[in-house]
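The values are calculated or read from the model by the stated rules, or taken from the named source; none is laboratory data. What you see is a predicted model, and the numbers here were worked out from it, not measured in a lab. Here the Cβ positions follow ideal geometry from the backbone for every residue, glycine too, while neighbour counts run over all protein chains shown.
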Amino acid sequence: MNVSRRELLAGAAAGLATMPLAGIAGKSLGPYRKKFPLCIFSKYLQWLDYDGMAQTAAELGFDGVDLTIRRNGHVLPERVEEDLPRAVEAITAAGIKPLMIVTDINDPDDPNTEKVLKTANALGIKYYRLGKYAYSDNKSIVSTLEQLKPKIKALAAMNKHYNIHGDYQNHAGNRYVGAPVWDLWELIKDLDPE
């Protein structure tokens, strides 16, 4: 992996910035730490290999890793079957857990979607973050949401099949589905909350 000096410094700064947070949060959570484990988003350790990422996360005091499985992520979706087990092995060897993954998943028909969910399930990962959806200047909000409903329903069925829970981050900005939050309700209100 080629990393520019700027990317290296930005990653190091982000990692260093989270160090006090992990310690403070870990102490302040006290007895709730088992119920609410503290993870680090692996994007901030992107410049490290699996072992380095896992060791750094453990040394910083995190309970687990929120691992990127997406374009330019720690694990590339097309290599998930080969590389996710290696990443999980490094994470568990460091004494922490692969608690969640961040993906580009937003289409049940994408050939990588089922591979990612199946592999994550086989490795005991129970939560993933979907990719984001965006509004188009060429379609109304209502038509965009109507077009997304079947995709979300099909993803929910896949999630149930693979015993994994898909989460959606509501990115800020008027361009993204979920930014106003009410639109997410329109997409998921008829689905099983699990």
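THR68 fulfils the conditions (1) assigned to a helix (DSSP H, G or I); (2) among the β-branched types (Val, Ile, Thr); (3) closer than 26 Å to HIS161 by Cβ except for a single criterion, (1). Of all positions in region 159-167, none carries a residue that is modelled with pLDDT under 95 and out of contact with any Lys or Arg (no Cβ under 8 Å at 6 or more places or on another chain).
Take ASN121 and tell me if it is under 19 Å from ASN163 (Cα atoms), under 13 Å from the mean Cα position of the chain (by Cα) and either in contact (Cβ under 8 Å) with a residue 40 or more places away in the chain or in a strand (DSSP E or B) (or both). Considered against the rule, which asks whether it is under 19 Å from ASN163 (Cα atoms), under 13 Å from the mean Cα position of the chain (by Cα) and either in contact (Cβ under 8 Å) with a residue 40 or more places away in the chain or in a strand (DSSP E or B) (or both), ASN121 comes out as no. Hey, does region 36-54 have a residue that's touching a residue at least 40 places away in the same chain (Cβ under 8 Å), closer than 20 Å to LEU130 by Cα and in a strand (DSSP E or B)? Looking through region 36-54, at least one residue is touching a residue at least 40 places away in the same chain (Cβ under 8 Å), closer than 20 Å to LEU130 by Cα and in a strand (DSSP E or B).
To keep it simple, each residue is scored yes or no on (1) of a type outside the set (D, E, K, R); (2) in contact with a helix residue (DSSP H, G or I) (Cβ under 6 Å, 6 or more places away or on another chain).
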| position | (1), (2) |
| --- | --- |
| LEU45 | yes, yes |
| GLY52 | yes, no |
| THR56 | yes, yes |
| PHE62 | yes, yes |
| LEU67 | yes, yes |
| ASN72 | yes, no |
| ARG79 | no, no |
| GLU82 | no, no |
| ALA87 | yes, yes |
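Does GLU78 qualify as being modelled with pLDDT under 95, surrounded by fewer than 20 Cβ atoms within 10 Å (Cβ to Cβ) and acidic (Asp, Glu)? Against the criterion (modelled with pLDDT under 95, surrounded by fewer than 20 Cβ atoms within 10 Å (Cβ to Cβ) and acidic (Asp, Glu)), GLU78 does not qualify. Filtered by the rule that a residue be at pLDDT below 95 and not in a loop (DSSP other than H, G, I, E, B), region 124-137 gives a lone residue, ALA134. The set of residues in region 66-100 being more than 18 Å from ASP51 (Cβ to Cβ) and β-branched (Val, Ile, Thr) consists of VAL80 alone.
Of the residues examined, ASN163 is one that is in contact (Cβ under 8 Å) with a residue 40 or more places away in the chain and farther than 23 Å from LEU38 by Cβ. If you filter region 107-118 down to residues that are closer than 14 Å to ASN159 by Cβ and surrounded by 17 or more Cβ atoms within 10 Å (Cβ to Cβ), you find that the one that is farthest from the chain's Cα centre (by Cα) is PRO108. The number of residues in region 138-194 being in a loop (DSSP other than H, G, I, E, B), aliphatic (A, V, I, L, M) and surrounded by 15 or more Cβ atoms within 10 Å (Cβ to Cβ) comes to 4.
Total residues in region 85-106 satisfying the condition of being charged (D, E, K, R) and surrounded by fewer than 15 Cβ atoms within 10 Å (Cβ to Cβ): the figure is 1.
Restricting THR144, THR119 to residues that are in contact with a helix residue (DSSP H, G or I) (Cβ under 8 Å, 6 or more places away or on another chain) and of a type in the set (Ser, Thr, Tyr) narrows the list to THR119.
State the number of residues belonging to region 94-111 that are outside any loop (DSSP other than H, G, I, E, B), touching a residue at least 40 places away in the same chain (Cβ under 8 Å) and farther than 14 Å from CYS39 by Cβ. Here the count works out to 0.
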